[in-house]
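All remarks here apply to the structure that follows.
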Amino acid sequence: LTSVLRGMVFDIQPFSIHDGPGIRTTVFLKGCPLKCPWCHNPESWARAPQIAWDSHLCIGCGACETACPHGAHVVRDGKHTYDRSLCKVCSRCAEACPSLALERSGREMTVAETLAVVLADKPFFADTGGGLTVSGGEPLMQADFTVALLAAGLAAGIMAAVETSGAGLAKDMDRVARQASLVLYDIKAGPDDYRRLTGIDYDTPYANLSVVKKAGCLLWLRLPLVPGINDTQSHFANVADLAAKYHPQRIEIVPYHALGADKRRHFGLPDASIPARPSADARQVAQWTASLHALGVEARLPGED
Ligand code: SF4
Ligand code: SF4
């Protein structure tokens with residue numbers, strides 16, 4: 001019965017080496033209660049499917065206007081307007097667009113369909129300690145699907161991990177962690193800045209960390225760090241406290257990459273609340289590593305041995 005359970009998936013990425021040990025296939029689910037201003041995947045915020053529109057790829061051909069039964073696209077004198085309030089996300093415009101300026105993000109897939117994609121890469125998993133990682137978005141927003149997919153992965157003989165910020169119900173965190181071999185737990189900011197940066201209080205992610213610990217799976221803490229935004233001493237001190245309390249097997253720094261600004265526009269979202277900035281460089285990463293080391297925290301980069 002669970003194999004026919006449907007989830008809203010926006011990407012499946014094979015050969016990932018940054019989402020847990022070894023070579024992995026990462027399944028990205030839609031829906032996230034956080035709104036981190038540095039998010040690479042703003043299409044993951046909404047649970048519902050969406051149409052991305054990249055104006056730079058548009059050649060003004062008008063095929064979308066002809067295809068749309070709801071009048072959401074208008075192309076006049078080479079100028080294209082897309083009224084999302086009229087869009088029913090039927091995807092006809094994306095199918096008609098010759099230049100990939102329009103693309104659908106988010107597809108309902110069953111557990112069996114999703115697992116079949118993942119298992120295509122099974123030969124690469126065993127030798128590297130890799131497997132399936134369920135990510136997002138926030139997988140706890142689709143807890144039934146996440147639990148079923150993790151269980152199906154384990155039943156198929158592959159290692160099943162989940163990446164979460166812990167922003168969800170404790171009972172969902174518990175059943176997800178009990179089904180996972182490894183939880184990659186993103187700590188986005190310290191308690192002082194968490195709400196300002198993510199839009200939710202720190203209490204739930206903090207409490208759910210102990211839920212994961214009780215579940216007994218492997219635990220890695222992941223720190224997405226953005227220069228000048230969340231790389232504060234109080235955040236690092238809090239990470240040191242969490243490390244001392246929960247003894248994660250590994251702590252990873254995930255350096256900021258300057259992606260995502262255009263993507264926001266493609267989905268009709270407002271610009272981020274933080275000014276554009278360059279990606280974090282090696283010198284910056286070395287400074288963060290040293291700051292954490294000084295607090296007794298040994299942090300590494302994803303994929304680093
Ligand atoms: S997805 Fe469907 S309703 Fe929405 S703009 Fe495209 S054709 Fe129109
Ligand atoms: S079909 Fe694609 S390329 Fe043509 S006007 Fe619409 S968005 Fe632009």
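Across the range 21-57, the qualifying residues are those that are part of a helix (DSSP H, G or I) and within 16 Å of ligand 2 (Cβ to nearest atom), and the one among them that is farthest from Ile229 (Cα to Cα) is Leu57. Among the conditions (1) open to solvent by 60 Å² or more (accessible area, probe 1.4 Å); (2) assigned to a strand (DSSP E or B); (3) near ligand 2 (Cβ under 10 Å from one of its atoms), the only one that His80 does not satisfy is (1).
If the condition is being in contact with a strand residue (DSSP E or B) (Cβ under 6 Å, 6 or more places away or on another chain) and away from ligand 1 (no atom under 14 Å from the Cβ), then the range 73-113 contributes Glu108, Met109, Thr110. Name every residue in the range 241-281 that is modelled with pLDDT of 90 or more and touching a Lys or Arg at 6+ places or on another chain (Cβ under 6 Å), in order of residue number. Selection gives Tyr246, Glu252, Val254. Any chance the range 115-135 includes a residue that's touching a helix residue (DSSP H, G or I) at 6+ places or on another chain (Cβ under 8 Å) and without any contact (Cβ under 8 Å) to a residue 12 or more places away in the chain? There is no residue in the range 115-135 that is touching a helix residue (DSSP H, G or I) at 6+ places or on another chain (Cβ under 8 Å) and without any contact (Cβ under 8 Å) to a residue 12 or more places away in the chain. Determine whether Ala161 is assigned to a strand (DSSP E or B) and open to solvent by less than 30 Å² (accessible area, probe 1.4 Å). When the stated conditions are applied, Ala161 passes them. Among the residues of the range 37-54, how many are touching a His at 6+ places or on another chain (Cβ under 7 Å) and basic (Lys, Arg)? Looking only at that region, the number is 0. Do we find that Cys90 is assigned to a loop (DSSP other than H, G, I, E, B) and open to solvent by less than 80 Å² (accessible area, probe 1.4 Å) in this structure? Against the criterion (assigned to a loop (DSSP other than H, G, I, E, B) and open to solvent by less than 80 Å² (accessible area, probe 1.4 Å)), Cys90 qualifies. Restricting attention to the range 58-77 and to residues that are outside any loop (DSSP other than H, G, I, E, B) and exposed (fewer than 14 other Cβ atoms within 10 Å of the Cβ), the residue that is nearest to ligand 2 (Cβ to nearest atom) turns out to be Thr66. Within the range 137-153, residues that are under 17 Å from Ile12 (Cα atoms) sit with their Cβ atoms under 7 Å from residues that are open to solvent by 20 Å² or more (accessible area, probe 1.4 Å) and among the hydroxyl-bearing types (Ser, Thr, Tyr), at 6+ positions apart or across chains, in these pairs: Ala148/Thr2; Ala152/Ser3.
Among the residues of the range 162-190, those identified as among the basic types (Lys, Arg), over 27 Å from Val226 (Cβ atoms) and touching a helix residue (DSSP H, G or I) at 6+ places or on another chain (Cβ under 7 Å) are Arg175, Arg178. Pick out the one residue from Trp45, Trp38 that is away from ligand 1 (no atom under 14 Å from the Cβ), open to solvent by less than 30 Å² (accessible area, probe 1.4 Å) and under 30 Å from Arg196 (Cβ atoms). When all the criteria are applied, what remains is Trp38.
Report yes if Arg92 is within 16 Å of ligand 2 (Cβ to nearest atom), among the basic types (Lys, Arg) and at pLDDT 95 or above, otherwise no. Judged against the criteria, Arg92 is a match. Filtering the range 218-237 down to residues that are open to solvent by less than 20 Å² (accessible area, probe 1.4 Å), among the hydrophobic types (A, V, I, L, M, F, W, C) and under 13 Å from Tyr185 (Cβ atoms), which residue is farthest from the chain's Cα centre (by Cα)? Filtering first and then ranking leaves Leu219.
One residue stands out in the range 164-197 among those that are among the small types (Gly, Ala, Ser) and not in a helix (DSSP H, G or I): the one that is nearest to the chain's Cα centre (by Cα), namely Ser165. Close Cβ contacts (under 6 Å, 6 or more residues apart or on different chains) running from residues in the range 63-86 that are among the basic types (Lys, Arg) to residues that are surrounded by 15 or more Cβ atoms within 10 Å (Cβ to Cβ) comprise Arg84/Gly268.
The values are calculated or read from the model by the stated rules, or taken from the named source; none is laboratory data. The structure presented is a predicted model; accordingly, all values stated were derived computationally and were not measured. Quick reminder, even Gly has a Cβ in these numbers, built from the backbone with ideal geometry, and neighbours come from all protein chains shown. For accessibility, only protein heavy atoms count, side chains too; no ligands or nucleic acids. Shrake-Rupley method; radii C 1.70, N 1.55, O 1.52, S 1.80 Å.
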